[in-house]
Amino acid sequence: MAANNRRMSGKKGAQVGSGGQRRRGLEGKGPTPPAEMRKGHAKQRAANAKVRRAQGRPQQRRGGGKSSSELVVGRNPVVEALREGVPASTLYVQQFIDNDERVREALQLAAERGGINLMEAPRPELDRMTNGLNHQGLVLQVPPYEYAHPEDLADAAYDEGEDPLIVALDGVTDPRNLGAVVRSVSAFGGHGVVVPERRAAGMTAGAWKTSAGTAARTPVARATNLTRALEAYKKAGIVVVGLAADGEAELGDLEALHGPVVIVVGSEGKGLSRLVGETCDFRVRIPMPGGAESLNAGVAAGIVLYEAARRRG
């Protein structure tokens, strides 16, 4: 009887069916899950990082160390530094100095700001302090800059309910470029700048001046190893985007700017270093119809920050 119920064919034995697998294969797998639920996606990493923070992970200021103190030497440089709000602890004035307009302005600015010690010193002492530079009777002491830790920048952004927007500089050695980047980060709502500890520009008086005072409210973090700092950002769910003239994608096609992102800018001459470039999730180029080979760090960072602010707005 069992043989009669069996489907008959020209072949010997029972016909083996698909068990419904072909039919199920045609049904599809349903709608594509959102990015936050796709394993390994940058948005999922960011969501997981937010969950960990919400669970009460203790936060503390880690600090990125301090720079050494600095001297601004000469009448014009001292006056310009005081005008631009460069932090200062002491203004040294030579005894029996020729009291011209620049000296009077320096004294007035220091008195108006408050918190700056005024010290009168003989010329030999100023010569010794400045290693014989032409100080013209005015020397301004800039206190050590207190750097943040790279993780502090992201934590501060999340505390404000915002996705981090951070710029990291790779091989940028001109303090004026650093100051210009700090100014752009402040202008477009970024959360700070990361610089390497070695072979890189730091927050000198020149960087302060170029930042036009924005360095007072835009933190600069210092990383012992920039590649490791970027890897830590990636583990925290932040996308790392490197700017490169030969980048695989154009800036206008980059979707990552909508979310947590670190923008890495290399030096004008060498661009991104090899290790840093390999660490980036994306390497992006800025279209330049005019045919220029490269942009300096301040201009390149400003363009990308503007695009990020425009999309987030």
Cross-link reach list, aspartates and glutamates versus LYS209, counting only Cα pairs under 16 Å and skipping chain neighbours closer than eight places: GLU70, GLU80, GLU84, ASP174
Linear extension gain, ARG113 paired with ARG285, 0.36 nm per residue minus alpha-carbon span: 57.6 nm
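Could you order the peptides 225-236, 70-81 from most to least packed, using the average number of other C-beta atoms within 10 Å per residue?
70-81, 225-236
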Cα gyration tensor shape for the stretch 164-313, rounded if a/c is under 1.5, else prolate or oblate: rounded
Whole-number accessible area per residue in Å² for the stretch 167-222, which is evaluated in the context of all protein chains at 1.4 Å: 37
Accessible surface, per residue, of the stretch 262-303 when the full set of protein chains is kept, probe 1.4 Å, Å²: 53
GLU84 versus PHE96: modelled label distance in nm, points set 7 Å from Cα along the beta carbon direction: 3.4
Accessible surface of the stretch 112-208, 1.4 Å probe, proportion on carbon and sulfur as whole %: 44
Packing-based order for 195-201, 111-117, 155-161, 294-300, using average beta carbon neighbours within 10 Å, highest first: 294-300, 195-201, 155-161, 111-117
Shape category assigned to the stretch 106-153 from the gyration tensor of Cα positions, a/c cut at 1.5: oblate
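The values are calculated or read from the model by the stated rules, or taken from the named source; none is laboratory data. Everything numeric in this text was worked out from a predicted model, so none of it was measured. Quick reminder, even Gly has a Cβ in these numbers, built from the backbone with ideal geometry, and neighbours come from all protein chains shown. We work out accessible area using only protein heavy atoms, side chains counted, and drop any ligands, DNA or RNA first. Shrake-Rupley method; radii C 1.70, N 1.55, O 1.52, S 1.80 Å.
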